[in-house]
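> Okay, here's the structure, questions in a sec.
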Amino acid sequence: MPSTLSLRRPFVADHFHDLPGFQEDRHGHNWEVEATVEVLAEADEIVFTKALDMWVEAVDYHLLNQMTALEGRNPTAEALAELAFRHLQNAALRPVSVRIREKANYWALCRESTEP
């Protein structure tokens, strides 16, 4: 029977916004990612942990604007949530949602749309 598992990981990263309509100087945050996946077996838990840790390693202590996957986009919490969600899908997992917290009261949630 499928169940869900959630993991949280903190990371630190800088970013700036430089696209028309949304511009801010370079600054950093103590971010947090919380991901939830559907698990069918114990092996899924191991794959999930490794995949999430790999994603965090790719962003932790980096300038997010330099990430190829975010080229042409402002590296917002929304963009990071989508990026982490897709990363988990590419790891052959079944993500339910990914939440990226940028500040205590500011976060973005990405989940697969159930609409046709």
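None of the figures in this text is laboratory data; all of them are computed from the coordinates on show. Keep in mind that this is a model prediction, so the values were computed, not measured. Please note: Cβ atoms are built from the backbone with ideal geometry, for glycine as well, and neighbour counts cover all protein chains shown.
> Within region 64-114, how many residues are hydroxyl-bearing (S, T, Y) and over 11 Å from the mean Cα position of the chain (by Cα)?
4
> If you go through region 68-82 one residue at a time, how many are of a type outside the set (A, V, I, L, M, F, W, C), closer than 13 Å to F16 by Cα and in contact with a strand residue (DSSP E or B) (Cβ under 9 Å, 6 or more places away or on another chain)?
Adding up the residues that qualify gives 5.
> List the pairs whose first member sits in region 22-45 and is closer than 18 Å to R73 by Cα, whose second member is not charged (D, E, K, R) and not in a strand (DSSP E or B), and whose Cβ atoms are under 8 Å apart, counting only residues at least 6 apart or on separate chains?
F22/N74
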